[in-house]
Amino acid sequence: MAEQRKQRRTVRGVVIGRSGDKSIRIEMKYRVKHPVYGKFVRRSIKLSVHDEKNLAGVGDLVEVIECRPMSKTKSWRLLEIVQKAPEKI
């Protein structure tokens, strides 16, 4: 019987930059409760993502999934574009 893989983590974030060919940078925002004061504090993290077909543009809401390391900083890959950014006139 073959061993089953663990479920990989998926997160959503907004594309904040296109760094090169097949690469994007996303920002994921979340809230955490302060351990002492109990107030919710906003946190954010920036992730480098592999975009094989260069589909995502700046401002798009995307869903990414964990994968093997593609480079020194890239260990996420684009799963789908949830919402395209509105066109600027």
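Any read-out appearing in this document is the output of simple, stated calculations on the displayed coordinates, not a laboratory observation. Predicted model, so just to flag it, every value in this text is computed and none were measured. Every residue, glycine among them, receives a Cβ derived from its backbone with ideal geometry; neighbour counts consider all protein chains shown.
Place the peptides 38-46, 75-83 in order of packing, highest mean first, counting for every residue the other Cβ atoms within 10 Å and averaging per peptide.
The packing order, highest mean first, is 75-83, 38-46.
Applying the Karplus parametrisation 6.51 cos²θ - 1.76 cosθ + 1.60 with θ = phi - 60° to the phi angles of the range 6-19, what ³J(HN,Hα) value in whole Hz is obtained for each residue in order, glycine and proline being reported as x?
Each residue of the range 6-19 in turn: 6, 5, 7, 6, 10, 9, 10, x, 9, 5, 10, x, 10, 7 Hz.
Return the lysines within reach of K22: Cα separation strictly under 26 angstrom, same-chain partners fewer than 8 residues apart disregarded; answer none if there are no such residues.
K46, K53, K72, K74, K84, K88
Residue separation times 0.36 nm, minus the C-alpha to C-alpha distance between V58 and K72: what's the value?
Here the segment from V58 to K72 would lengthen by 2.8 nm.
Taking only C-alpha pairs under 8 Å that are 6+ residues apart, what is the relative contact order of the chain in percent?
27 percent
Could you give the length gained on full extension between I89 and M28, defined as 0.36 nm per residue of separation minus the Cα-Cα distance, in nm?
Between I89 and M28, full extension yields 19.3 nm more.
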